[in-house]
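The values are calculated or read from the model by the stated rules, or taken from the named source; none is laboratory data. Everything numeric in this text was worked out from a predicted model, so none of it was measured. As a convention, Cβ positions derive from the backbone with ideal geometry for all residues, glycine included, and neighbour counts pool all protein chains shown. In case anyone asks, the SASA skips ligands and DNA or RNA and just uses the protein heavy atoms, side chains included. Shrake-Rupley method; radii C 1.70, N 1.55, O 1.52, S 1.80 Å.
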Amino acid sequence: MSTEQMNPFKIVQGQIKRAVDMLELEPAVYEVLKEPMRFLEVTFPVRMDDGSVRVFKGFRSQHNDAVGPTKGGIRFHPDVHADEVRALSMWMTFKCAVLGLPYGGGKGGVVCNPKELSKGELERISRGFFQAISQIVGPEKDIPAPDVYTNPQIMAWMVDEFSKIKESFQPGVITGKPIIIGGSLGRNEATARGCVITIREAAKKLGIEIKGARVAVQGYGNAGSIAARLMHEMGAAVIAVSDSKGGILNPAGLDPLKVLAFKDETGSVVGYPGTKPITNEELLELECEVLIPAALENQITAANAGRVRARIVGEAANGPTTPEADEILAKNGVFVIPDILANAGGVTVSYFEWCQNLYGFYWSEEEVNSRLEFMMVKAFENVYNMYKSKRVKPRDAAYLVAVDRVAQAMRVRGWLG
Ligand code: NAD
């Protein structure tokens, strides 16, 4: 595959163009949506533990706020680059729109390697970055959240920094916070829970019984391990799971909680008793009913898509399937629940967290889960109806729903002429 096709910014632009053309919308829709409305690049000095000063670079991208304030995570990673942050903010616009959340898309990133930083350095970077972007974020403007290598502690430092700048406590500026300062119950499980709900709904439509269905999960972190546990609780047989060190297979089914305990103890799922070692590539090609990619992007490609034998692919990860692979899966009758729908449970409960912060009224975990269930089922139905009526791939159907919503908002606000 060429570099151009793998550039996430080009991929998302192509997805928007397809949707605008299929919906026969006015060309202005594509012109407005093809790049972020605001992109801030910042540098900021940070005192390191050895007394030296290092200058870090960060980005915040706000794609489109026609529907509401922008929303999306902040990642800390050495490879963060401008086009990636732009693309991720664009995907957030459509993820929020598929779920009908009152948000546009945002994303941020800081070029740094958290594995090489002390806790104090991490705190000073978090505070420095938030100070640098403080003019463009806020509960009614742009609401960040955790992403790759950022976590509730980092969100807490950022809220603290923003609250100092505003001279008042501002929990609604960020989601994914620790519970004690306004985080939501159920947030930790939300991505996996949402993904499993969409898989259950897809299985109903396709006439697949979840009880006894064979499930393979690539990636055993937050999204993958919880999705495995929830599928197991619904009576499915989780036959294979993997992490960055490799995979394990037991055709009779694994106990996901025991596998997680083993991984916590040893650092990997590999070596779990009673299993056969397999590679990550082999896991993707197993005969099973449900495949859940929950690790990295670009895992199912033109090279291996033809060998995927699952009936449903539930994309817990962002961008695990390349556009060429998507075509191949569709031709082979594999039902792909696209990332912007399948993993939207996380941002949905982030939205619940923000609502709770603005009201100062906090919900029980049962209430969070039942509202999540309602929103995911409704979003799945909307996408499925579009898939049936337009006879397009599920991913295209999700973009049609999303782009149409954003276009409607832009139209009534007078942005399209
Ligand atoms: P995580 O860091 O908790 O887990 C990632 C897992 O993937 C780890 O088990 C790691 O060992 C494994 N992994 C890494 N490289 C791998 C490889 N080459 N092959 C197989 N496994 C590999 O991350 P997470 O939060 O679970 O996120 C996973 C995916 O889900 C990402 O694409 C992320 O963007 C997406 N996602 C997560 C959330 C969330 O709320 N956690 C929300 C939306 C989307």
ask   = Among the listed residues 416, 358, 372, which satisfies the condition of being more than 21 Å from residue 184 (Cβ to Cβ) and of a type in the set (A, V, I, L, M, F, W, C)?
value = 416
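Which of the residues belonging to the stretch 124-150 are part of a loop (DSSP other than H, G, I, E, B) and either open to solvent by less than 40 Å² (accessible area, probe 1.4 Å) or under 22 Å from residue 81 (Cβ atoms) (or both)? Even if it seems obvious, please write down each step before you answer.
Looking only at the stretch 124-150, we keep the residues that are part of a loop (DSSP other than H, G, I, E, B), and these are 134-137, 139-141, 147-150.
Within the stretch 124-150, 134, 136, 137, 139, 147, 148, 149, 150 qualify.
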inquiry  = Any residue that is free of Cβ contacts under 8 Å to residues at least 12 places away in the same chain and touching a helix residue (DSSP H, G or I) at 6+ places or on another chain (Cβ under 8 Å) - is there at least one of those in the stretch 100-123?
reply    = yes
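Look through 69, 78 and report the one residue that is surrounded by fewer than 24 Cβ atoms within 10 Å (Cβ to Cβ) and either within 12 Å of residue 142 (Cα to Cα) or hydroxyl-bearing (Ser, Thr, Tyr) (or both). Before the answer, list the steps.
Details: 78 fails: either within 12 Å of residue 142 (Cα to Cα) or hydroxyl-bearing (Ser, Thr, Tyr) (or both).
Every option except 69 fails the conditions.
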inquiry  = If the requirement is being under 27 Å from residue 16 (Cβ atoms), loosely packed, with under 15 Cβ neighbours inside 10 Å and of a type outside the set (Gly, Ala, Ser), which of these qualifies: 391, 405, 307?
reply    = 391
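Checking the structure you have, find out if any residue of the stretch 197-216 is closer than 22 Å to residue 77 by Cα and out of contact with any Cys (no Cβ under 6 Å at 6 or more places or on another chain). Write out each step before concluding.
Initially, the stretch 197-216 is screened for residues closer than 22 Å to residue 77 by Cα, giving none.
No, the stretch 197-216 contains no residue that is closer than 22 Å to residue 77 by Cα and out of contact with any Cys (no Cβ under 6 Å at 6 or more places or on another chain).
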inquiry  = Among the residues in the stretch 368-382, are any modelled with pLDDT of 95 or more, among the small types (Gly, Ala, Ser), under 26 Å from residue 16 (Cα atoms) and within 13 Å of the ligand (Cβ to nearest atom)?
reply    = no
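If you go through the stretch 223-241, how many residues are surrounded by 16 or more Cβ atoms within 10 Å (Cβ to Cβ) and more than 16 Å from residue 310 (Cα to Cα)? Steps first, answer last, please.
Of all residues in the stretch 223-241, those surrounded by 16 or more Cβ atoms within 10 Å (Cβ to Cβ) come to 223-232, 236-241.
Now narrow it down to the ones that are more than 16 Å from residue 310 (Cα to Cα): 223-227, 229-230, 232.
The qualifying residues number 8.
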inquiry  = Exactly one of these conditions fails for residue 335: (1) of a type outside the set (Asp, Glu); (2) away from the ligand (no atom under 16 Å from the Cβ); (3) out of contact with any strand residue (DSSP E or B) (no Cβ under 7 Å at 6 or more places or on another chain). Give me its number.
reply    = (3)
key: The one condition in (1) away from the ligand (no atom under 14 Å from the Cβ); (2) touching a strand residue (DSSP E or B) at 6+ places or on another chain (Cβ under 6 Å) that residue 145 fails to fulfil   = (1)
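Limited to the stretch 251-274, what total is found for residues that are open to solvent by 30 Å² or more (accessible area, probe 1.4 Å), in a loop (DSSP other than H, G, I, E, B) and over 17 Å from residue 227 (Cβ atoms)? Even if it seems obvious, please write down each step before you answer.
In the first step, residues of the stretch 251-274 are kept if they are open to solvent by 30 Å² or more (accessible area, probe 1.4 Å); the result is 251-252, 255, 257-258, 260-267, 270-274.
Filter once more, so that each one left must be in a loop (DSSP other than H, G, I, E, B): 251-252, 255, 267, 270-274.
With over 17 Å from residue 227 (Cβ atoms) added as a condition, the list becomes 251-252, 267, 270-274.
The total comes to 8.
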ask   = Here are some residues: 230, 206. Which one is of a type outside the set (D, E, K, R) and either within 15 Å of the ligand (Cβ to nearest atom) or within 21 Å of the chain's Cα centre (by Cα) (or both)?
value = 230
task = Just give me the residues in the stretch 173-199 being buried (at least 21 other Cβ atoms within 10 Å of the Cβ) and away from the ligand (no atom under 16 Å from the Cβ), in sequence order.
result = 173, 182
message = When you check residue 348 against the structure, is it of a type in the set (S, T, N, Q) and open to solvent by 10 Å² or more (accessible area, probe 1.4 Å), yes or no?
response = no
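Can we say residue 167 is more than 16 Å from the ligand (Cβ to nearest atom) and over 30 Å from residue 238 (Cβ atoms)? Show your work before the answer.
Working: more than 16 Å from the ligand (Cβ to nearest atom): yes; over 30 Å from residue 238 (Cβ atoms): yes.
So residue 167 fits the description; yes.
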task = Return yes or no: is residue 240 within 16 Å of the ligand (Cβ to nearest atom), touching a Ser or Thr at 6+ places or on another chain (Cβ under 9 Å) and not hydroxyl-bearing (Ser, Thr, Tyr)?
result = yes
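How about the stretch 28-42: which of its residues are open to solvent by 10 Å² or more (accessible area, probe 1.4 Å) and in contact (Cβ under 8 Å) with a residue 40 or more places away in the chain?
Matches in the stretch 28-42: 28, 32, 35, 36, 38, 39, 40, 41, 42.
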message = Any residue at all in the stretch 258-275 that's farther than 23 Å from residue 336 by Cβ and under 22 Å from the mean Cα position of the chain (by Cα)?
response = yes
